Amino acid sequence: MWLQKQWYKARLHPLLFLLTPLSLVFWLVTNLRRSFYAFGLMPRYKADVPVIVVGNISVGGTGKTPMVVALSQWLKDEGWNPGIISRGYGAKGPFPYDVLASDSPEKAGDEPLLMRRRTGCPVVIAPKRAQAAKLMTEQHPKVDVIICDDGLQHYGLKRDIELIMIDAERGTGNGWLLPAGPLREGPWRLKGADWVISNYGRHIFARHVVDVEPGNWYRVDNNEQVALKTESKFNAVAGIGYPQRFFNSLIEQGIELENRQGFADHHAFSQQDFSNLTGNPILMTEKDAGKCQPFAQADWYYQTIEAKLPEVMKTNLLAELERKKNGHR
């Protein structure tokens, strides 16, 4: 958590200077790997249907999951049959695996399970996205477009459209590659890209801005929708890429927080994590709720979030997707 905070400060922390040689090694390795794919020295899998990759160049917290959910729901409304593939971080395997809505977060991973339940679309997970895409088209022949969650740097899978997400508030942080900074690829990756999309405001490289809005509240233990009584005091927890964003959202909604606790992204929650958060109802994200449901109390609640796609983005994306679909015939 300390390291991530330092990544998103304007100046490089003195201790991070010790990591800059490793960042140079990271740059060399990733550039060689990308070149090998570009020149055909490493194989790339081409799916039978168009592939949309939703990814980022930085580590965590750029709104990929809300985008995948919104994109899937919108495409269904437009008559498409989307399927979602994901790494399945934290899932047990074996891979590739076709996620069921009845699976546990331990079986399927927290984000794939959330996407499966929210969208109703088939979701296949595998660390190698090409394997997931292959199983998707075999197991779900009606799928006519694949949405790849967090696969921008997985060049083993050919993609037709890249949606590059960026957090307008935090941007590219200190501008350094991992581990001295938060970047998987340099800011050059954003220049000239057709689909750079920012959340929480406009970024200098963004072509489109997506609003992410808080949704309804539900009980963690039984998923029953509730009207939250905001005059009470609450405790809040978040195990996501940028926990402070969730806490800020609660405060902006007029919710008074007595205690807040941030955890690492994909944290495997246990009842012990809540031992010091007593006396007030507990609020959390939808992603965290799935892992807390087995031991949740009656006064634990989670809130959904909704990404709102701008109309011009929908129009342009639909036109490009139709062109890509014709190219696969």
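The values are calculated or read from the model by the stated rules, or taken from the named source; none is laboratory data. Here the structure is a predicted model, which means the values were calculated and not measured. As a convention, Cβ positions derive from the backbone with ideal geometry for all residues, glycine included, and neighbour counts pool all protein chains shown. Calculation scope for accessible area: heavy atoms of the full protein, side chains included, ligands and nucleic acids excluded. Shrake-Rupley method; radii C 1.70, N 1.55, O 1.52, S 1.80 Å.
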Looking for something closer than 23 Å to I251 by Cβ, open to solvent by 30 Å² or more (accessible area, probe 1.4 Å) and of a type in the set (A, V, I, L, M, F, W, C) - is there at least one such residue anywhere in the stretch 297-307? yes
For residues in the stretch 71-128 being within 26 Å of L317 (Cβ to Cβ) and of a type in the set (K, R), which is farthest from the chain's Cα centre (by Cα)? K76
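Residue-by-condition table, conditions (1) open to solvent by less than 30 Å² (accessible area, probe 1.4 Å); (2) assigned to a helix (DSSP H, G or I):
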{"residue": "L16", "(1), (2)": "yes, yes"}
{"residue": "V25", "(1), (2)": "no, yes"}
{"residue": "L28", "(1), (2)": "no, yes"}
{"residue": "F36", "(1), (2)": "no, yes"}
{"residue": "G40", "(1), (2)": "no, no"}
{"residue": "V54", "(1), (2)": "yes, no"}
{"residue": "T62", "(1), (2)": "yes, no"}
{"residue": "S72", "(1), (2)": "yes, yes"}
{"residue": "L75", "(1), (2)": "yes, yes"}
Show the residue pairs meeting these rules: Cβ distance below 7 Å; 6+ apart or different chains; first residue within the stretch 11-25 and under 12 Å from W176 (Cβ atoms); second residue assigned to a helix (DSSP H, G or I). H13/Q6; L16/Q6
Answer residue from the stretch 211-248, given it is small (G, A, S) and open to solvent by 30 Å² or more (accessible area, probe 1.4 Å) and is nearest to T285 (Cα to Cα) among those: A227
I125 - would you say it is in contact (Cβ under 8 Å) with a residue 40 or more places away in the chain and under 20 Å from K325 (Cα atoms)? no
Those residues of the stretch 250-293 which are surrounded by fewer than 18 Cβ atoms within 10 Å (Cβ to Cβ) and of a type in the set (S, T, Y) amount to S270, S275, T278
Considering only helices (runs of 4 or more DSSP H) wholly within the stretch 79-192, the ones with at least 2 residues that are among the acidic types (D, E) are 110-119
